[in-house]
Amino acid sequence: MAGPVFKDSKVTSFVTSSRDITEWMKANQEIEDYQSSLQNLTSEISLVEENHRKQIAANIHDHLSQSLVISKMRISEMQKRPNIEDIQPDLDFIKNRISEALDNSRKITYELSPPVLYQLGIVDALYWFAGEIEESYGLQVTLNSNISSLQLSDSKSILIFRCIQEVVTNTVKYAKATTINIDFNKNEEVLLIDISDNGIGFDTSTLHKTNMSSSGFGLFAVRERIRNLKGEFNIDSEINIGTVVNFSIHLDE
């Protein structure tokens, strides 16, 4: 900074001052590096978690489910034998419990690592997920999309799907909403995702507090994943009106 010194209406000298901002620049760079590392770590943790989910789901399918199927088949064979009228009710009871266990194991497998995501892609996975939320919680879930299919890498599909899942799960747990709308659209090379609900809303400033709730931490993790994908993330919420979460991701990144 500099300023003139006047005497008799004439500039006789200049007064200057300066400030060394080297340390400030270093600190700012360290913060940016930390944020970048945090975003990368958040995404890496998500991918590691996803691999573990797939392994657990595969073990349930390959071992537990198959054992249950074999047991059910053996009981069916026993029921064909003569002179077992006395134990027929017990066999029916065991068979029904095995059927319930099979249904639950399939449900757990799909929740851990939905095969539809890897076999048919994220669009079909989202339609499946919307149906599961409706059936499980009695909410009205509407998915609108201008995309029939979308080619993405496995890692990007996983991160995007889990981000949407986290937002919807938060809504189910905390928003007391009756309707959820998911807009999943592609505009040129930008993926636009909007998730809105008619719930009780919340104070979005709590997302910046260090003692945030589990719901706030979940949304924080979503934000970091989206940023790591070079995307933009935003939340608007009004008390007793509802919440809108939107994020955009450049597909050519």
Does any residue in the stretch 228-242 that is at positive phi come within less than 7 Å, Cβ to Cβ, of a residue that is in a strand (DSSP E or B) and polar (S, T, N, Q) six or more places away or on a different chain, and which pairs are these?
GLY242/SER196
Could we say that ILE180 is under 17 Å from the mean Cα position of the chain (by Cα), under 19 Å from LEU126 (Cα atoms) and hydrophobic (A, V, I, L, M, F, W, C) here?
yes
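How many of the residues in the stretch 83-117 are hydroxyl-bearing (Ser, Thr, Tyr), part of a helix (DSSP H, G or I) and surrounded by 14 or more Cβ atoms within 10 Å (Cβ to Cβ)? Spell out how you get there, then give the answer.
The first filter runs over the stretch 83-117 and keeps only residues hydroxyl-bearing (Ser, Thr, Tyr), leaving 99, 105, 109-110, 113.
If we keep only those that are part of a helix (DSSP H, G or I) as well, we get 99, 105, 109-110.
Among the residues that remain, those that are also surrounded by 14 or more Cβ atoms within 10 Å (Cβ to Cβ) are: 105, 109-110.
Count: 3.
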Considering residues that are more than 21 Å from ILE235 (Cβ to Cβ) and of a type outside the set (Asp, Glu), the number found within the stretch 146-174 is 12
Matching residues, the stretch 165-192, being buried (at least 17 other Cβ atoms within 10 Å of the Cβ), of a type outside the set (Phe, Trp, Tyr), in contact with a strand residue (DSSP E or B) (Cβ under 8 Å, 6 or more places away or on another chain) and over 14 Å from THR243 (Cα atoms):
LEU191
Whether any residue in the stretch 1-20 is at pLDDT below 80, within 19 Å of the chain's Cα centre (by Cα), of a type outside the set (Gly, Ala, Ser) and at negative phi is what I want to check.
no
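Please determine, by comparing only the residues of the stretch 214-251 that are among the aromatic types (Phe, Trp, Tyr) and part of a helix (DSSP H, G or I), which one is modelled with the lowest pLDDT.
Step one: filter the stretch 214-251 for residues among the aromatic types (Phe, Trp, Tyr), giving 217, 220, 233, 247.
Narrowing further to those that are part of a helix (DSSP H, G or I): 217, 220.
Values: PHE217: 64, PHE220: 79.
Result: PHE217.
Only one of these is farther than 18 Å from THR169 by Cα, touching a Phe, Trp or Tyr at 6+ places or on another chain (Cβ under 6 Å) and among the polar types (S, T, N, Q): SER145, SER149, SER105. Name it.
Step by step, each of SER145, SER149, SER105 is checked, and only SER145 is farther than 18 Å from THR169 by Cα, touching a Phe, Trp or Tyr at 6+ places or on another chain (Cβ under 6 Å) and among the polar types (S, T, N, Q).
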Being surrounded by fewer than 17 Cβ atoms within 10 Å (Cβ to Cβ) and either modelled with pLDDT under 85 or not in a helix (DSSP H, G or I) (or both) narrows SER136, SER148 down to just SER148
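The values are calculated or read from the model by the stated rules, or taken from the named source; none is laboratory data. Here the structure is a predicted model, which means the values were calculated and not measured. In this analysis, Cβ positions are derived from the backbone assuming ideal geometry, glycine residues included, and neighbour counts consider all displayed protein chains.
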